[in-house]
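**Student:** Have a look at this one before I ask anything.
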Amino acid sequence: MKSKFKTAAAILALSLGLVACGKKDDSSNKESNNASNSSKAEVSATMVTDQGGINDKSFNQSSYEGLKAYQDEGKIKFDYIESHKDSDYQPNLESALDSKSDIIFTVGYALFDATSKAAEENPEQNYAIIDNENSKNQKNLLGITFADHENSFLVGYIAGMKTESNNVGFVGGMESAVIDRFQYGFMAGVKQAAREKGKDIEVQVQYANSYSDQAKGKNIANQMYQNGADVIFQAAGGTGIGVFEAAKENNKYIIGVDRDQKEEAPDNILASTIKGVGKAVQLTIDDYKEGKFKGGETVSYSLKDGDALGIAYGDNDLVSKEVKDKVEDLRNQIVDGKIKVPQNEEEFTSMVYDK
């Protein structure tokens, strides 16, 4: 198994070696810009990604950017290891121990079994997992979850108000309780818009069974656009990059996920849901430095937590001020508990969003 394990120190050494040989390689400076700061940092961290890696333009990349920003500020030093398939998780976690980091972050609910096993076998090592509860109440593991259904409701409303064909799409990565929150929150928001418009709006739903298959994402999106959808929300990690390609080629609308993705399709994007994974890892590090690491617990972030969860609009005029104002009103109603947003099919039905 080949995994990418990069450290600031290693890349600094490579950079010095290249300079000594009179050669220049810009790629060797990715992690070394603030190596002197990171070498003095009090906290060290290692991140093990899910499939898609740090350039998935989604939750893995957001985690990486949060850690990288703290390294650039001299607050931490960090390594990362990329996973490319399920079988990478366990050996990557074993490799992460070599760094002797204060905290090992695993990014994605799919890593839970491997992370839980590693935490059990290494009780002195601190772990934190993104997008999964600490369901076994392990004392050296922190679960970090997000109320993704809440901001998915908001972009569902945007999609429902924007569609002219009364047909929208949802492309998911892999079926799970986490992606259920995106799907059913989105569908509930579309239903809210449909009720206001007095129209029926169809929602096409399909999963790619991958977070890294861009070709599959593009193919699914092309089919949805051809079948009448004019807006698609993708919650598919790196697979979603293919959905963006389809949106541009079909000149249709798209909604991004997990981080502000407007640069992927500036003329087609309506908005992105923001999952502050980078902020969450930073807050976890802050707690650790203050002796408040919440091992044994699960920390959850929702719309009421500001930067930890929200939406970002594209730099265009595709969403009207009227709709943006209504979205803000809906956000406030969710925060105040006046609107309950479903997290799964059962809640979607019991809350009568299916009618």
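What follows draws every value from the coordinates through simple rules; no lab data is involved. As the structure is a computational prediction, the values presented were derived from the model and not from experiment. In this analysis, Cβ positions are derived from the backbone assuming ideal geometry, glycine residues included, and neighbour counts consider all displayed protein chains.
**Student:** Using 0.36 nm per residue of separation minus the Cα-Cα distance, give me the extension gain between Asp315 and Asp98 in nm, one decimal.
**Tutor:** Between Asp315 and Asp98, full extension yields 73.8 nm more.
**Student:** Let me ask another. How far, in degrees from 0 to 90, does helix 8-20 lean away from the longest principal axis of the Cα atoms of the chain, to the nearest 10?
**Tutor:** It is inclined by approximately 70 degrees.
**Student:** Oh, and also: If you line up the long axis of helix 112-121 against the longest principal axis of the chain, both from Cα atoms, how many degrees apart are they, to the nearest 10?
**Tutor:** Between helix and principal axis, roughly 30 degrees.
**Student:** Relative to the Cα centre, what is the charge dipole magnitude of the chain, using +1 at the beta carbon of each Lys and Arg, -1 at the beta carbon of each Asp and Glu, and rounding to the nearest 20 debye?
**Tutor:** 340
**Student:** For region 67-157, take the convex hull of the Cα atoms, compute a quarter of its surface area, and give me that in nm², please.
**Tutor:** 7.4
**Student:** Sticking with this structure for a sec: Take Glu202, Glu82 and order them by how many other Cβ atoms sit within 10 Å, fewest up front.
**Tutor:** The most exposed by this proxy come first: Glu202, Glu82.
**Student:** Hey, rough spin-label estimate for Glu175 and Asn219, points 7 angstrom out along Cα→Cβ, what's it come to in nanometres?
**Tutor:** Inter-label distance under the simple model: 1.9 nm.
**Student:** In the chain, if the dipole is taken from +1 on Lys/Arg beta carbons and -1 on Asp/Glu beta carbons about the Cα centre, which of Ala119, Thr349, Gly228 is farthest to the positive end?
**Tutor:** Working it through, the farthest residue towards the positive pole turns out to be Gly228.
**Student:** Excluding residues fewer than 8 places away in the same chain, name every one of the lysines whose C-alpha is closer than 19 Å to that of Lys100.
**Tutor:** Lys4, Lys6, Lys40, Lys68, Lys75, Lys77, Lys117, Lys139, Lys289
**Student:** Subtracting the Cα-Cα distance from 0.36 nm times the residue separation, let me have the gained length for Lys324 to Glu196 in nm, one decimal.
**Tutor:** 44.6 nm
**Student:** I would also like to ask the following. What is the spin-label model distance, in nm, from Ser87 to Asp354 if the labels are put 7 Å beyond Cα along the C-beta direction?
**Tutor:** 3.9
**Student:** How far is it, in nm, from the label point at Asn209 to the one at Glu249 when both lie 7 Å from their Cα along the line to the Cβ?
**Tutor:** 2.2
**Student:** Follow-up. Whole angstrom only: what separates the Cα centroid of region 61-131 from the Cα centroid of region 244-259?
**Tutor:** 30
**Student:** Hey, what angle do you get for helix 321-335 against the long axis of the chain, alpha-carbon based, 0 to 90 degrees rounded to 10?
**Tutor:** Helix 321-335 sits at roughly 70 degrees to that axis.
**Student:** Sticking with this structure for a sec: I want the antiparallel fraction of DSSP beta bridges within region 62-213, as a percent rounded to 5.
**Tutor:** Within region 62-213, antiparallel bridges account for around 5 percent of the total.
**Student:** On to the next question. Share of antiparallel DSSP beta bridges in region 209-355, in percent to the nearest 5?
**Tutor:** Of all bridge pairs located within region 209-355, approximately 45 percent are antiparallel.
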